[in-house]
Amino acid sequence: MNEKYAEYAENSIYDEEVFEAAELLDIPPDMVEELYRGEHDSDADFACQFANDLGLAPTQATWPTYFIDWEAAARDLMMDYGKSGGHYFQTSY
């Protein structure tokens, strides 16, 4: 990892792994904490969590509201986000 990223990682709430992922995506080290959106198993999981965090996901767990195509939602969402090693970052800044 670049020395600059390591320096920021030392003083961050996030571990070095997050900064390594950010470096691979060319996220400036001073913006990692602001742009980091967490670790997720897939783009669909990221999209679902993102929608839940914003209060946009349906709360009614009955048909048809639970048939959201999270893969399609993720494809659209990923136009503004990048991932590396399961770590997601906003890349449209």
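Of the residues making up segment 1-27, those that are part of a helix (DSSP H, G or I) and either among the charged types (D, E, K, R) or without any contact (Cβ under 8 Å) to a residue 24 or more places away in the chain (or both) are 3, 4, 6, 7, 9, 10, 16, 17, 19, 20, 23.
Per-residue answers, yes or no, for (1) touching a residue at least 24 places away in the same chain (Cβ under 8 Å); (2) touching a Phe, Trp or Tyr at 6+ places or on another chain (Cβ under 7 Å):
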residue	(1), (2)
29	yes, yes
36	yes, yes
40	yes, yes
43	yes, no
69	no, no
78	yes, no
88	yes, yes
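Restricted to strands (runs of 3 or more DSSP E) entirely inside segment 32-93, no element has at least 1 residues that are surrounded by 16 or more Cβ atoms within 10 Å (Cβ to Cβ) and at pLDDT below 90.
The values are calculated or read from the model by the stated rules, or taken from the named source; none is laboratory data. Bear in mind the structure is a predicted one, so any value in this text is a computation, not a measurement. FYI the Cβ positions are ideal-geometry reconstructions off the backbone, even for glycines, and counts take in every protein chain you see.
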